[in-house]
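Heads up, the thing below is written out as structure tokens.
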Amino acid sequence: MSFVRFENVSLAYTPGSPLAIQDVSLEIQEGEFISVVGPSGCGKSTLMKLVTGLKAPTGGYVYVGGRQVGGPLKIVGMAFQASNLLPWRTTLENVMLPLEIVEPFRSELKSKRKEFEEQARALIKRVGLAGFEDKFPWELSGGMQQRASICRALVHKPRLLMLDEPFGALDAFTREELWCMLRDLWQESPFTVVLVTHDLREAVFLADTVYVMSKRPGRILVKREIDLPRPRDLDVTYTDAFSAHVHVLREHIGHVRSH
């Protein structure tokens, strides 16, 4: 039984407007790490809104955990290209935000605050931010802000993590550091990940499966299984097998752009 399932899903943002995505069908297994690549405006972010229940499809069905999605889901964590940390809250306070909002944590916060705080501190330490718990976002580098943002997305132990170009604004070295951080977090206790990215190396390094989308209206053109053994080290990015995957995906995207 797949954990996320799209059945012939289409979406127009307003009645009568052109479709953003058209007739998309895909299945994601629990604990699978998938990546979605494609040209700008192809509907990658639209897929995320449909999975999380922030948008309802115009046609077709979206299922998560065997149930049709009918509104925002509590089992989802999200992180974006902008870290979106609240400037008046410290790192720890930002990371704990979902525990104040999402049930059942919200109801338990008063009685379990100490336990929740320890959980958040452990996660902050795990991503290399120990000692920065009481710093404000403006006191952190871009890479540190993204680490905090991913902590915030994971602190309530979601079954599904949605990432919309989370490393897109970072320099190459920081980006690769954060790939490894995400890889380690996922391998320690696998959750299902949907990563939207423009970076084909990132997609191949992190994902089990990469989907290539067409120009608008977005459709799934290619499903590519990434058969590189795990755990993957950055050294794998210099191998012929890795380059071959990136090359094939780049050819598909070049083909999409030119048609």
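General remarks:
- Evaluated over the range 1-151, the count of Lys pairs having alpha-carbon atoms less than 24 Å apart is 14 (only pairs 8 or more residues apart or interchain).
- Placed amide H near Gly218: partners under 5 Å, 5+ positions off or other chain: Ile21, Gln22
- Computed from point charges on the beta carbon alone (+1 for Lys and Arg, -1 for Asp and Glu), the dipole magnitude for the chain about its Cα centre is near 740 Debye.
- The protection proxy used here, the mean number of other Cβ atoms lying within 10 Å of each residue, ranks peptides 88-99, 234-245 as follows, highest first: 88-99, 234-245.
- Other residues with beta-carbon under 13 Å from the beta-carbon of Leu97 carry, at +1 per Lys or Arg and -1 per Asp or Glu, a net charge of 0.
- Taking Cα centre as origin and charging only the Cβ of basic (Lys, Arg, +1) and acidic (Asp, Glu, -1) residues, the dipole magnitude of the range 64-143 rounds to 220 debye.
- All Cα pairs of the range 102-259, percent lying beyond 25 Å: 40
Every number in this text was worked out from the coordinates using simple rules, so none of it is lab data. Computed from a predicted model, the values in this text were never measured in an experiment. Because the Cβ atoms are built from the backbone with ideal geometry, glycine has one as well, and the counts that use them run over all protein chains shown.
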